[in-house]
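The structure under discussion appears below in the form of structure tokens.
The values are calculated or read from the model by the stated rules, or taken from the named source; none is laboratory data. As the structure is a computational prediction, the values presented were derived from the model and not from experiment. Quick reminder, even Gly has a Cβ in these numbers, built from the backbone with ideal geometry, and neighbours come from all protein chains shown. What goes into the accessible areas is simple: the full protein's heavy atoms, side chains included, and nothing from ligands, DNA or RNA. Shrake-Rupley method; radii C 1.70, N 1.55, O 1.52, S 1.80 Å.
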Amino acid sequence: MTTVADLLADPYFPRLKALVIDVTGMAFYADKDADLALIVADRMDHCVIDNCATYLERLQGDGEEMDSLVAELTIGETYFFRHKEQFDALREIILPDILARNASSRRLRIWSAGCATGPEPYTLAILLKREFGAQMLGWHVSILGTDINQKFLARARDGRYDQWAFRATPENIRQECFVAVGKQWQIKPEYKAMVSFQYHNLTRNRFPSITDNIAAFDIIICRNVVIYFSRETVEALVPCFRESLTNGGWLVMGHAEPNMELFRSFRTVNCPGAVLYQRVDGEAPETPPPALRPPPPLRPPGPAARPPKPSKPVLRPPAAAAKATPAATTSQPLSEVRALADQGKWDDALRACDTALTGDALNWRPHYLRALILDQMGDKEACETALRRAIYLDRRAVLPHYHLGLFLQRAEEIEAARRSFRNVLTLLEHQADETLVDEGEDLNAGQLRETVGMHMKLIGM
Ligand SMILES: C[S@@+](CC[C@H](N)C(=O)[O-])C[C@H]1O[C@@H](n2cnc3c(N)ncnc32)[C@H](O)[C@@H]1O
């Protein structure tokens, strides 16, 4: 059995710690060696490994072990209606603003980043349905919860909670929105259906990204997550959040982290017990963009430690160039289409994509991008047609199969979804983990395999 003392004396422990901080962004562990060692020792015992060098090797070669370690390292403290003042601000200020702003498109996209086991996005679903349901009849509402911890995500999808998760919830809401199952409470299907969950690492998966469905939100809520990150990491994340909002969209951070200086590129709205940040293009004071760089190099010198998921950082420069993008030209590069889509300018993106297609109709890529855009615009039929066309043009193109799988999964065509996911796995069969997936931006074969595996588990292999 490995003890904390063994680990603290192990010459490779600093390297292991640096890898953990690098992968998760959790600089919180920089001065918590004993806490970290306790968690790592437990995982090492589980893997029957008694030294850091061997465990490091395991982490670098095995995404599943990294996920298991991350599951133990992350702190998932959360509950329904946490910090009520922020939900009051959503009700009184943010939602009425968006209801008016999106009255013609009748769409609402919300992202709960670092959602843990799900109470935050489900609270939003409850608030929306109960208090805005009548006004929002016929609206297309999507609430996306993301997290780095796969175990939390599985529990979020399950939607069952202990009494303790309701410590700030009015009794009538618990009674009306949940069903008792033994000693637990299960969220009712009408609220569950409004929320979807997916893996996303804020510090390693770049965003905005239409490929990951992380773009063009009206509201981003990211509370009690970046408190564990270094200031440099947060500085680099802020512009990514900003670019993932539509113009006029709102960012809600935790009440304990309103370092307004970091959010100076937003319009700040102070309300009782909450500070809100709104993206307002053209009106916010011009400030130089914060440093856009990966988190600081935390790895100690010595043999390079390859991160287990060679995702790139990370925090890429926001798609600022696209702001100046003119309407479609005849030789519309797909990067411009993508940049417009990342900003949620769906009509412009679709026009640009159609222009790209006129010169390149036999290329699967514009058809695939077109499908992603149409999906966001709510045109399901055209989305499916575009995905199938992309596949027809090149059966080896992996991402159209993957997105068709997701599409069919949502449509509850489970057998067909399984076939699409199997196609993805077959196409990836001989690809090394670190091979980048065509049109996947920073997505690699290993990550896609893992994600598809997760979806297949969800729908039953
Ligand atoms: C304390 S919980 C906050 C939950 C919820 N937002 C709330 O305030 O009730 C922090 C969450 O951030 C997640 N997290 C930590 N690092 C992350 C990263 N790099 N990317 C995405 N999520 C991360 C953790 O897994 C955990 O679920």
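Side notes on the structure shown:
- Charge-dipole axis of the chain as Lys and Arg at +1 and Asp and Glu at -1 on Cβ define it, positive-most pick from 89, 355, 249: 355
- Long pairs among 192/457; 84/192; 188/380, criterion Cα-Cα beyond 24 Å: 188/380
- Cα extents of the chain along the three principal axes, largest first (Å): 63, 54, 51
- Helix-derived mean residue ellipticity, 222 nm - over the chain, DSSP H n ≥ 4, -39500 (n - 2.57), to 500: -13500 deg cm²/dmol
- Each Cα pair under 8 Å and six or more residues apart adds its separation to the average, and for the chain the resulting relative contact order is 13 percent.
- Average accessible area per residue (Å²) across the chain - probe 1.4 Å, nucleic acids and ligands excluded: 43 Å²
- In this simple spin-label approximation, residue 269 and residue 190 carry label points 7 Å from Cα along the Cα→Cβ vector, and these lie 2.8 nm apart.
- Percent carbon-and-sulfur accessible area, the range 96-196, ignoring ligands, DNA and RNA, probe 1.4 Å: 54 percent
- Distance between the pseudo-spin-label points of residue 394 and residue 255 (7 Å out from Cα toward the beta carbon): 5.2 nm.
- The range 40-178, dipole about Cα centre (Lys/Arg Cβ +1, Asp/Glu Cβ -1), debye to the nearest 20: 960 debye
- Distance between the modelled labels on residue 175 and residue 422, one decimal in nanometres: 5.0 nm (7 Å Cα→Cβ projection).
- Full extension of the segment from residue 57 to residue 413, taken as 0.36 nm per residue of separation minus the current Cα-Cα distance, would add 124.1 nm.
- Dipole size of the chain about its Cα centre, with +1 on Lys/Arg Cβ and -1 on Asp/Glu Cβ: approximately 840 debye, rounded to the nearest 20.
- Here's how it looks for residue 217: its modeled amide H is under 5 Å from those of 245, 246, which are all 5 or more places away or on a different chain.
- Solvent-accessible ranking of 185, 250, largest area first, probe 1.4 Å: 185, 250
- Size of electric dipole in the range 84-278: Cβ of Lys, Arg +1 and of Asp, Glu -1, about Cα centre, debye, nearest 20: 420 debye
- Cα-based reach from residue 129 at 19 Å (exclusive), listing aspartates and glutamates while leaving out same-chain residues under 8 positions away: 85, 88, 92, 97, 120, 171, 176, 190, 218
- Computed extension length for residue 231-residue 137: 29.7 nm, one decimal, from 0.36 nm per residue of separation with the Cα-Cα distance subtracted.
- Full-stretch length increase - residue 183, residue 160 - with 0.36 nm per residue and alpha-carbon distance subtracted: 7.3 nm
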